[in-house]
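The values are calculated or read from the model by the stated rules, or taken from the named source; none is laboratory data. All of these numbers come straight from a predicted model, not from anything done at the bench. Note that each Cβ is placed from the backbone with ideal geometry, even for glycine, and that neighbours are counted across all protein chains shown. Note: areas computed on protein heavy atoms with side chains; ligands, DNA, RNA excluded. Shrake-Rupley method; radii C 1.70, N 1.55, O 1.52, S 1.80 Å.
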Amino acid sequence: MGVIKFFGAKKVFVIYLICQCFTLATMIGSAITSLWVGALAIEKMIEHVLLCVLTVVLLHIPMVARTKFRLKMPQFFQIIVTVFIVAHFVLGEIYRFYDYIFLFDKVLHTTAGVVIALSGFSIVYAFSKSKDGVRLSPFFVALFSFCFAIMLLTLWEIFEYSMDAIFKLNMQRWQDGLSEVIIDGKNALVTDSAQGSGLIDTMTDIIVGTVGALVISVSGGLWVKRKPDDTSFYIVKEKK
């Protein structure tokens, strides 16, 4: 009963447990490895530990949402969010899957578009079911969900740009298209692409996220039209 209360289903708990253990093992492994390599790895170890701590905290969000705010979430939604968090912070940032696995980044951005669009549907549904709510047509439900997803995807790209600009990170992969050359006897960095790898990465991330959001918005709009009172795919407030 405890597992059902906090996670909604045993399969969700199993996925959560696997992700938690994998994250903690990564954090411990990074700390041990840094002791063997020496002082040069301490800074990287701190970065990895902080990413793992952030992952552990974020993995608790669905559980807190269920217990504290009494939100009922579809099982597949919880599983997608749990795997997405670990895939981004642990696999992508620590194990460098973004650099080594082809299209890994694009798959995650497509998934982000799907998750955000589903969240947008839930917001519309909650509003329409409130006392003062206005029942919107399926078209406007789909439109809001799509626009909601595009807004958050754009804000994320702004965040990535800000982190790269302020802290000289490589979240937008702008450093991937740079080559060091000698100009007038001095070393200089030049881009290998006419548009720059950072611009290409940003635009493709937005495009694939938009495709994911569009598929869910259109499918969701058709679902609302056929079954307006079915909450199987929504995040809803549990009744007392």
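Here is how the numbers come out for the structure above:
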| quantity | calculated |
| --- | --- |
| Tally of residues being out of contact with any helix residue (DSSP H, G or I) (no Cβ under 8 Å at 6 or more places or on another chain) and closer than 29 Å to Lys106 by Cα across the stretch 224-240 | 1 |
| Any hit, the stretch 148-159, residues being within 22 Å of Tyr100 (Cβ to Cβ), open to solvent by less than 40 Å² (accessible area, probe 1.4 Å), in a helix (DSSP H, G or I) and modelled with pLDDT of 85 or more | no |
| Residue that is least open to solvent (accessible area, probe 1.4 Å) [pool: residues in the stretch 87-108 that are assigned to a helix (DSSP H, G or I) and of a type in the set (Ser, Thr, Tyr)] | Tyr98 |
| From Ile123, Ile116, Ile79, residue being part of a helix (DSSP H, G or I) and either of a type in the set (D, E, K, R) or within 18 Å of Thr55 (Cβ to Cβ) (or both) | Ile79 |
| Pairs with Cβ under 7 Å, 6+ apart, first in the stretch 30-56 and more than 11 Å from Glu93 (Cβ to Cβ), second of a type in the set (Val, Ile, Thr) and at pLDDT 85 or above | Ser30/Val49; Ala31/Val49; Val56/Thr23 |
| Neighbours by Cβ (under 6 Å, 6+ apart or cross-chain): first from the stretch 199-213, in a helix (DSSP H, G or I); second of a type in the set (A, V, I, L, M, F, W, C) and open to solvent by 50 Å² or more (accessible area, probe 1.4 Å) | Ala213/Phe146 |
| Criterion: within 21 Å of Ala117 (Cβ to Cβ), at pLDDT below 85 and in contact with a helix residue (DSSP H, G or I) (Cβ under 7 Å, 6 or more places away or on another chain) - qualifying residue of Leu58, Leu71 | Leu71 |
| Residues of the stretch 1-32 satisfying the condition of being modelled with pLDDT of 95 or more, among the aliphatic types (A, V, I, L, M) and either touching a Cys at 6+ places or on another chain (Cβ under 8 Å) or open to solvent by less than 40 Å² (accessible area, probe 1.4 Å) (or both) | Leu24 |
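Residue-wise test of (1) open to solvent by less than 30 Å² (accessible area, probe 1.4 Å); (2) under 12 Å from the mean Cα position of the chain (by Cα).
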{"residue": "Glu47", "(1), (2)": "no, no"}
{"residue": "Thr55", "(1), (2)": "yes, yes"}
{"residue": "Ile61", "(1), (2)": "no, no"}
{"residue": "Met73", "(1), (2)": "yes, no"}
{"residue": "Phe76", "(1), (2)": "no, no"}
{"residue": "Ile85", "(1), (2)": "yes, yes"}
{"residue": "Thr110", "(1), (2)": "no, yes"}
{"residue": "Val115", "(1), (2)": "yes, yes"}
